[in-house]
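Here's the structure we're looking at; comments come further down.
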Amino acid sequence: MRVLAVGAGGVGSAAAVIAARRDFFELFVLADYDLARAEKAVAATSDPRFAAAQVDASDAGAVADLCREHGITHVFNAVDPRFVMPVFEGAHRAGAHYLDMAMSLSRPHPTDPYRQTGVKLGDEQFAAAPSWEEQGRLALVGIGVEPGLSDIFARYAAEHLFTSIDEIGVRDGSNLVVDGFDFAPSFSVWTTIEECLNPPVVWERGRGWYTTEPFAEPEVFDFPGGIGPVECVHVEHEEVLLIPRWVEAGKVTFKYGLGAEFVDVLKTLRKLGLDRTDPVRVKGVDVSPRDVVAAVLPDPATLGDRMTGKTCAGTWVKGVGKDGNPREVYLYHLVDNEWSMREYGAQAVVWQTAVNPIVALELLAAGTWTGAGVLGPEAFDPVPFLDKLVEYGSPWELREQ
């Protein structure tokens, strides 16, 4: 296996130090628009199997050329979602397999955005599935933590815990605190704005996919690991677009524990038009308002030594258990920032995201997971993945509700 990771930000850099402890690959090229950033991430591994490169993730041809230059077998997309399609297409042109953690962007319905879907997350990628199948190549989409591990939990529950499922609800929350900042998102603010302010998607049997208002239907979910009760709201997320394709359920939702202050900030950004991606003219320079917001906030990858607390990603499932009785469970994965910083030098949220594609790459290298076309994590046997996560020293857990 010869891997090209596109993006040397928080997740890409964390993925590199995680992969450096494994022996399933012979080359890992870490590429970024900023070559110095890629070189810094490679240096942190102290591993001769790693190499740095420069690439423009918006240029599919440049991605394909870099693949050919290094004989790449698998492209791992670690840049934000606006670059999904060029990296996806570049891997396809080069005849490489592909993995990402976020899917092609959605576009709201032009006249009824809070009831009907427009272009859904991943639609552009799924439209390309026949060409990937014909080529015998795999595009494994949504293999971060959410989407990714949360989807694997859903498949595991369907196969091993339930005879029928009424609802699958992905629930994410934390008690992370960043010292010295009044407002400091622990993940890419560009991505956070995109998923939180778009119309959230819900799936129901008999109705299919539909949308609602951002931050709709708040509920308090009690998270494990000492995090406790956190108010969660509907957010647009890939699990709702992926899980129903492979897992039978009556309803699928995603709710995120953002907190009242975070929601207020996001609403203010929208009111001011600072969530927009289309450039505006400022003193003779074209600039995207959202890029400005991202630029003035701290880089999430640099916050680990100021951060305390835990983050929890998980999947709540309700239905009929294997014994024929009603059952509710929450399958989850906790990461303590103190542990991830001590062990890997990566803050908890980016580490929790980054470990999953590396586990998937190892399963693909061993031939444990195989496939062709555009497939989500639910299309694969969940047990080897969950076992491997334990082997990596970061076990998952199950709580009866």
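Applying a DSSP loop filter and a limit of 16 other Cβ atoms within 10 Å to the GluC sites (Glu not before Pro) in segment 227-284 leaves GLU248.
Averaging the sequence gap over all C-alpha pairs within less than 8 Å and six or more residues apart, then dividing by the number of residues, gives segment 225-368 a relative contact order of 14 percent.
The packing ranking of peptides 355-365, 208-218, 183-193, 121-131, highest mean first, is 355-365, 183-193, 121-131, 208-218, where packing means the average number of other beta carbon atoms within 10 angstrom of each residue.
Looking at segment 90-169, the trypsin sites (Lys or Arg not before Pro) that sit in a DSSP loop and have at most 15 other Cβ atoms within 10 Å of their own Cβ are ARG115.
Compute for segment 69-193: radius of gyration divided by Kirkwood radius, i.e. Rg/Rh, restricted to C-alpha atoms, rounded to two decimals.
Ratio of gyration radius to Kirkwood radius for segment 69-193: 1.02.
Screening the chain for whole DSSP H helices of 15 Å or more along their axis (Cα) with average Kyte-Doolittle hydropathy at least -1.0 returns 35-45, 60-70, 149-160, 260-272, 348-366. Expressed to the nearest 5 percent, the antiparallel share of DSSP beta bridges inside the chain is 60 percent.
Labels on offer are (i) 20.2, 60; (ii) 20.0, 68; (iii) 22.7, 77, and the one holding Rg and Dmax of the Cα atoms in Å computed from this structure is (ii).
For the chain, the 222 nm mean residue ellipticity estimated from helices alone, with every DSSP H stretch of n ≥ 4 adding -39500 (n - 2.57) and the total spread over all residues, rounds to -10500 deg cm²/dmol. For a straight C-alpha distance cut-off of 28 angstrom, the lysines reachable from LYS271 (same-chain residues fewer than eight places away being disregarded) are LYS120, LYS255, LYS283. Potential lengthening of the chain between SER46 and THR370 amounts to 113.6 nm, from the contour at 0.36 nm per residue minus the alpha-carbon distance. Taking each residue as 0.36 nm, the span from VAL287 to THR212 lengthens on full extension beyond its C-alpha to C-alpha distance by 24.0 nm. In order along segment 141-147, the phi-based Karplus estimate (6.51 cos²θ - 1.76 cosθ + 1.60, θ = phi - 60°) of 3J(HN,Hα) comes to 9, x, 10, x, 9, 9, x Hz; Gly and Pro are listed as x. Within segment 163-255, DSSP assigns beta bridges of which about 70% are antiparallel (rounded to the nearest 5). Here the alpha carbons of segment 127-286 define both size measures, Rg and Dmax, at 18.2, 62 Å.
Segment 334-349 and segment 193-259 have Cα centres lying 26 Å from one another. When the inverse distances between all different Cα atoms of segment 285-401 are averaged and flipped, the Kirkwood radius reads 17.2 angstrom. One Cα centroid belongs to segment 26-53, the other to segment 78-93; the line between them spans 19 Å.
Evaluated at 10 °C with a viscosity of 1.306 mPa s, what Stokes-Einstein diffusion coefficient in µm²/s does segment 200-303 have when Rh comes from the Kirkwood expression over alpha-carbon pairs? In µm²/s, the coefficient is 97.
Protection proxy ranking of 332-339, 37-44, by the mean of other Cβ atoms within 10 Å over each peptide's residues and highest first, is 332-339, 37-44. A cut-off under 14 angstrom between Cβ atoms defines the neighbours of ALA295, and their net charge, with Lys, Arg +1 and Asp, Glu -1, is -3.
In a reduced charge model with +1 at each Lys and Arg Cβ and -1 at each Asp and Glu Cβ, segment 145-192 shows a dipole moment near 80 debye about its Cα centre.
We did not get these values from a lab; they are worked out from the coordinates using the rules stated. Since this is a predicted model, take the numbers as computed values, not measurements. Heads up, the Cβs are rebuilt from the backbone with ideal geometry, glycines too, and the neighbour counts pull from every protein chain shown.
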